[in-house]
Ligand code: MRU
């Protein structure tokens with residue numbers, strides 16, 4: 001388990017480590033309203049697909065607690081509005097919508113039409129989603145550890161660690177799982193411009209937990225691979241289409257191309273909740289465009305003239321570049337359409 005907490009529920013508040021201030025400051029913030037939680041997701045105080053799923057569920061619970069009515073229909077109407085605000089914060093990670101649907105399912109289950117009971121039920125569901133996420137990541141770690149050889153060097157991109165989930169991590173869960181199975185692993189973390197999740201978050205969390213990590217900038221990947229310094233790549237995912245195409249942090253696609261051309265296995269680790277069975281292929285996944293200041297500025301300092309800027313936050317790795325997808329149930333390889341659909345049979 002990691003030595004810090006990403007998100008938790010306490011005294012009818014949501015508490016999160018502020019990921020915008022890491023690695024220099026380890027600060028926990030308390031959120032009392034769903035609007036504050038929505039803003040935390042938007043501004044990346046919390047980020048990473050499973051973690052924002054947990055935040056969405058807890059944000060909806062927080063909003064529901066504050067709805068001031070005993071009238072069931074009015075209550076449902078208000079919770080629907082809260083859910084719409086929370087799920088509109090970021091478009092790519094499917095976990096946000098998955099969590100919203102899961103909270104709606106509790107309301108529509110017919111378990112109760114009593115507002116006070118339902119408020120408690122929604123709070124419990126948020127906490128259950130967190131606990132399940134940690135357990136799921138541990139299973140991903142156990143399943144994925146088999147693919148990682150002793151004494152290997154694993155490259156990862158962005159942060160798919162404890163900070164990006166309820167705890168433990170998906171890609172970093174595989175690394176933690178391999179370590180717990182007694183294997184010696186070294187990690188190469190890419191910096192991950194423009195938001196620097198690799199440098200600021202992955203390097204911090206691995207170092208804090210005593211897992212050896214070396215940091216490189218994104219443009220060093222090809223060189224490092226060509227020198228035979230990488231045995232496997234493991235990344236997370238924000239959404240996986242039902243054909244196995246993967247949306248993940250911008251730069252993932254380039255790394256997959258380089259891995260393929262160097263014959264290095266490229267693994268994607270993600271919970272089954274990240275698979276969007278309504279999405280036929282990567283081309284149908286919406287790609288978030290973020291503020292251009294993330295590209296033109298570094299830590300608040302302007303580093304570029306006023307020119308046109310692109311800032312897509314994610315890219316699509318085609319299934320042909322993915323050696324295997326590691327889930328909590330099984331490792332799935334080509335043909336993905338069948339393998340991924342078998343996971344939910
Ligand atoms: O923009 P971010 O930091 O939310 O992007 C995060 C990623 O791309 C992660 O790799 C992905 O969400 C998987 S996290 C287990």
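Taken over segment 88-111, the residue count meeting the criterion of being under 17 Å from residue 31 (Cβ atoms) and free of Cβ contacts under 8 Å to residues at least 24 places away in the same chain is 0. If residue 176 meets every condition in (1) modelled with pLDDT of 95 or more; (2) surrounded by fewer than 24 Cβ atoms within 10 Å (Cβ to Cβ); (3) at negative phi apart from one, which number is that one? Of (1) modelled with pLDDT of 95 or more; (2) surrounded by fewer than 24 Cβ atoms within 10 Å (Cβ to Cβ); (3) at negative phi, only one is false for residue 176: (2). When the residues of segment 50-87 are filtered to those that are loosely packed, with under 15 Cβ neighbours inside 10 Å and free of Cβ contacts under 8 Å to residues at least 40 places away in the same chain, the one that is nearest to the ligand (Cβ to nearest atom) is 84. Residues that are surrounded by 16 or more Cβ atoms within 10 Å (Cβ to Cβ) and farther than 30 Å from residue 99 by Cα occur in segment 265-285; there is at least one. Could you list all residues from segment 211-228 that are farther than 24 Å from residue 294 by Cα, assigned to a loop (DSSP other than H, G, I, E, B) and in contact with a helix residue (DSSP H, G or I) (Cβ under 9 Å, 6 or more places away or on another chain)? 211, 212 - these are the residues of segment 211-228 that are farther than 24 Å from residue 294 by Cα, assigned to a loop (DSSP other than H, G, I, E, B) and in contact with a helix residue (DSSP H, G or I) (Cβ under 9 Å, 6 or more places away or on another chain).
Can you spot a residue in segment 161-174 that is within 16 Å of the ligand (Cβ to nearest atom) and part of a strand (DSSP E or B)? Looking through segment 161-174, none of the residues is within 16 Å of the ligand (Cβ to nearest atom) and part of a strand (DSSP E or B).
Just one of the listed residues (240, 287) is within 14 Å of the ligand (Cβ to nearest atom), in contact with a helix residue (DSSP H, G or I) (Cβ under 9 Å, 6 or more places away or on another chain) and modelled with pLDDT of 95 or more, and it is 240.
The values are calculated or read from the model by the stated rules, or taken from the named source; none is laboratory data. Keep in mind the model is a prediction, meaning the values are calculated, not measured. Quick reminder, even Gly has a Cβ in these numbers, built from the backbone with ideal geometry, and neighbours come from all protein chains shown.
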